[in-house]
Amino acid sequence: MRAEIARQQALPVWLASPAIGSLFILLAGVGVWQAASTHRLIASPRGAVEELYNGFADDSLLTHLTWSLQATMQGLGYAIVIGIALGLLFGLIRPLRRVFSELVYGFASVPKLVIYPILLVSLKIGMRSEIAFVAVAAVFPILINTMVGAQEVQPALIKVGRVFKASFWQMIFKVFLPSVTPALIAGLRLGYSLGVLHAVLAEMFVARKGLGTQLIHAYSVQDISRMYAIILLAFLLAVVGNILLWFVERKLRGCLA
Amino acid sequence: MRLFRRVGQSEVLQADAGVGAGAASAPSFARPAARPPLAGWFSNSPLLSGLAVKFVQLAFLAGVYGLLEWITWAEILKPTVMPRPHDVLQTFGESIRSEYVTDNLRVTFRRLGYSFGIAASLGLLTGVVLWRLPLLGKALEPLMASLYAVPWIFFYPLLLILLGIGDKPIILLAVVLGFVPVALNTFVGFREIRPIMLKVGRATGSSPLHTFYKIMMPSAAPYVVAGLKLGFIYTFLSVIATEFLVSADGLGYIVRFAYEFFQVREMYAYVLFIIVLAFILTWLLDRVERALRGRYQ
């Protein structure tokens with residue numbers, strides 16, 4: 001990690017700035033896409049963007065977007081509450097961690113998509129099963145990162161808390177949560193990306209509404225540019241949320257340092 | 001595009017720390033005298049021995065099983081929603097022996113083998129090339145990390161048109177997903193090799209093979225192994241997910257089939273089968289990782 005930081009500083013400042021790098025990759029990506037769009041199965045970037053615009057203009061995408069977004073956000077909400085609570089519990093209390101960490105890592109590598117039919121059977125097709133599915137998919141990165149972050153709280157800080165006779169909740173809110181926050185936000189970013197991905201995947205399988213259902217529909221009527229428009233939208237959804245969380249992370253890092 | 005790289009790497013590094021930190025935490029501050037009552041909860045004193053941990057884990061699983069058994073016995077959940085756990089276990093036992101499941105398991109393993117083989121060799125090769133050509137490495141590293149962010153699996157309908165139903169689209173998607181962590185970690189790992197060590201090797205006239213085993217591997221191996229592990233898990237997830245969505249055989253497919261034909265008990269049994277498989281695979285990977293780490297440290 002230290003070598004990583006040193007290497008980043010060795011780069012010229014303007015090149016190392018994420019904005020320039022992102023812009024460059026974005027342009028390169030669009031260029032490759034444009035070049036590849038001569039193939040009949042690949043819509044041109046312009047066609048996809050136009051289709052996206054049309055979709056929002058005639059309202060045929062917005063309801064599905066809000067549906068997917070609602071499922072993602074509510075699921076993520078549950079995942080955050082459960083992930084942080086269990087993560088702190090397992091991270092701070094060593095006996096619990098020794099019992100449960102293997103189970104957590106094991107479940108984290110179970111393909112979540114196969115859980116979806118079980119949720120469909122028990123919660124019926126609709127918003128509730130999707131929310132539960134997003135929560136199941138997003139909870140593990142949050143839980144694991146909180147757990148690992150909580151393990152690495154500096155002993156000196158705990159000592160200081162003890163010297164000042166901090167109460168249980170003071171220890172949690174003043175000592176542990178601030179130290180865990182960077183790792184937690186990294187987990188949150190991963191959880192968010194996974195949440196969006198799994199929401200759309202679930203909708204591609206069975207759902208009432210959502211971007212995934214539209215994607216399958218566009219595919220079945222061979223509307224290639226609409227298909228690309230929806231994939232682009234899902235991609236943007238994941239990336240924009242990720243960038244927002246990244247800004248939060250940087251702000252928090254600044255506050256804590 | 002640092003943010004994407006962070007996504008990948010923080011995960012790797014933290015998965016790393018998760019394995020290492022449990023063993024290496026020394027309770028420097030655990031002093032029995034004058035402790036506030038709750039302090040014990042936060043200390044790192046080993047309260048449970050290894051055997052006791054296993055016992056508590058088993059007890060926990062047994063408790064969950066008992067709870068599920070009670071819920072279905074009291075008909076809080078109807079049998080069409082949640083079959084009785086012992087019925088599921090019976091079906092599970094039958095399904096392990098049935099040809100239907102073992103055939104599909106073989107199909108999944110075949111795809112897993114191909115895709116991990118390709119992903120790992122491609123990733124290792126790319127990582128080493130990027131390390132040897134630092135300028136290219138600097139240029140391509142963030143690009144590769146941003147490959148993570150693209151939801152490739154949404155393209156599966158197109159891949160079906162291009163490659164047809166069968167192994168090819170499944171393997172292709174799994175390779176795309178599994179190759180990135182291997183390449184990035186190999187790159188990062190080889191960059192950890194200190195140039196002075198290579199110089200020492202050259203000065204003492206060690207053979208290339210000797211240099212590889214004694215100088216390069218000890219620095220790079222922890223990263224490379226973590227990358228391979230992550231790559232394997234990603235290919236596994238991808239293969240099962242794609243099978244679930246599109247395929248006409250494989251473990252993912254039989255779950256979907258059971259769901260679509262309302263065979264609830266079979267569905268639960270197959271999902272349990274996949275969960276058990278995932279646990280066995282993570283356990284095996286952990287053992288391999290630990291063995292390799294032990295060898296090179």
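A few comments on the model shown:
- In the set (1) part of a helix (DSSP H, G or I); (2) within 23 Å of residue B:229 (Cα to Cα); (3) touching a helix residue (DSSP H, G or I) at 6+ places or on another chain (Cβ under 7 Å), residue B:150 fails one condition alone, (1).
- Failed item in (1) within 14 Å of chain A (Cβ to nearest Cβ); (2) open to solvent by 60 Å² or more (accessible area, probe 1.4 Å), with residue B:170 passing the rest: (2)
- Failed condition for residue A:130, given (1) among the charged types (D, E, K, R); (2) crowded, with 22+ Cβ neighbours inside 10 Å; (3) over 29 Å from residue B:257 (Cα atoms): (3)
- First in segment B:114-128 and under 11 Å from residue B:228 (Cβ atoms), second anywhere and open to solvent by 10 Å² or more (accessible area, probe 1.4 Å) and of a type outside the set (A, V, I, L, M, F, W, C), Cβ under 6 Å, 6 or more apart: none
- Any chance residue A:184 is part of a helix (DSSP H, G or I), more than 8 Å from chain B (Cβ to nearest Cβ) and surrounded by fewer than 19 Cβ atoms within 10 Å (Cβ to Cβ): no
- Test for residue A:221: is it at pLDDT 90 or above, over 12 Å from the mean Cα position of the chain (by Cα) and of a type outside the set (Asp, Glu): no
- Given (1) assigned to a helix (DSSP H, G or I); (2) free of Cβ contacts under 8 Å to residues at least 24 places away in the same chain; (3) at the interface with another protein chain (Cβ under 10 Å from one of its Cβ atoms), number of the condition residue A:174 does not satisfy: (3)
- Selected residue (criterion: farthest from the other protein chains (Cβ to nearest Cβ)) from residues of segment A:205-214 that are crowded, with 24+ Cβ neighbours inside 10 Å and part of a helix (DSSP H, G or I): A:214
- Residue B:262 vs. criteria facing chain A (nearest Cβ under 10 Å), crowded, with 19+ Cβ neighbours inside 10 Å and among the hydrophobic types (A, V, I, L, M, F, W, C): no
- Screening A:56, A:107 for residues that are open to solvent by 40 Å² or more (accessible area, probe 1.4 Å), away from chain B (no Cβ under 14 Å) and on the phi < 0 side of the Ramachandran plot leaves exactly one candidate, A:56.
- Here A:123, A:76, A:119, A:157 are screened, and the one residue that is more than 10 Å from chain B (Cβ to nearest Cβ) and open to solvent by 40 Å² or more (accessible area, probe 1.4 Å) is A:157.
- Residues satisfying the stated conditions in segment B:200-221, i.e. within 30 Å of residue B:278 (Cβ to Cβ) and open to solvent by less than 20 Å² (accessible area, probe 1.4 Å): B:220, B:221
- Only residues that are surrounded by 19 or more Cβ atoms within 10 Å (Cβ to Cβ) and facing chain B (nearest Cβ under 10 Å) were counted across segment A:143-154, and they come to 8.
- Only helices (runs of 4 or more DSSP H) whose full extent lies in segment B:199-297 are considered here, and the ones with at least 3 residues that are modelled with pLDDT of 90 or more and β-branched (Val, Ile, Thr) are B:217-245, B:264-296.
Every residue, every condition in (1) open to solvent by 50 Å² or more (accessible area, probe 1.4 Å); (2) under 27 Å from the mean Cα position of the chain (by Cα), yes or no:
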{"site": "B:69", "(1), (2)": "no, no"}
{"site": "B:81", "(1), (2)": "no, no"}
{"site": "B:93", "(1), (2)": "no, yes"}
{"site": "B:107", "(1), (2)": "no, yes"}
{"site": "B:112", "(1), (2)": "no, yes"}
{"site": "B:126", "(1), (2)": "no, yes"}
{"site": "B:147", "(1), (2)": "yes, yes"}
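- The one condition in (1) over 22 Å from residue A:73 (Cα atoms); (2) open to solvent by less than 20 Å² (accessible area, probe 1.4 Å); (3) away from chain B (no Cβ under 11 Å) that residue A:223 fails to fulfil: (2)
- Set B:273, B:244: member being of a type in the set (Phe, Trp, Tyr) and facing chain A (nearest Cβ under 9 Å): B:244
- Segment B:117-164, residues that are within 13 Å of chain A (Cβ to nearest Cβ) and of a type outside the set (A, V, I, L, M, F, W, C): B:134, B:137, B:138, B:141, B:142, B:146, B:148, B:151, B:156, B:157
- Whichever residue in segment A:9-50 is in contact with a Lys or Arg (Cβ under 9 Å, 6 or more places away or on another chain) and either open to solvent by 40 Å² or more (accessible area, probe 1.4 Å) or assigned to a loop (DSSP other than H, G, I, E, B) (or both) and, among such residues, is modelled with the lowest pLDDT: A:11
- Test: residue B:165 is closer than 30 Å to residue A:202 by Cβ, open to solvent by 40 Å² or more (accessible area, probe 1.4 Å) and not in a helix (DSSP H, G or I): yes
The values are calculated or read from the model by the stated rules, or taken from the named source; none is laboratory data. Just so it is clear, the model here is predicted, and its values are computed rather than measured. Don't worry about glycine lacking a Cβ; one is built from the backbone with ideal geometry, like all the others, and counts go over all protein chains shown. Side chains included, ligands, DNA and RNA excluded: accessible areas come from the protein's heavy atoms. Shrake-Rupley method; radii C 1.70, N 1.55, O 1.52, S 1.80 Å.
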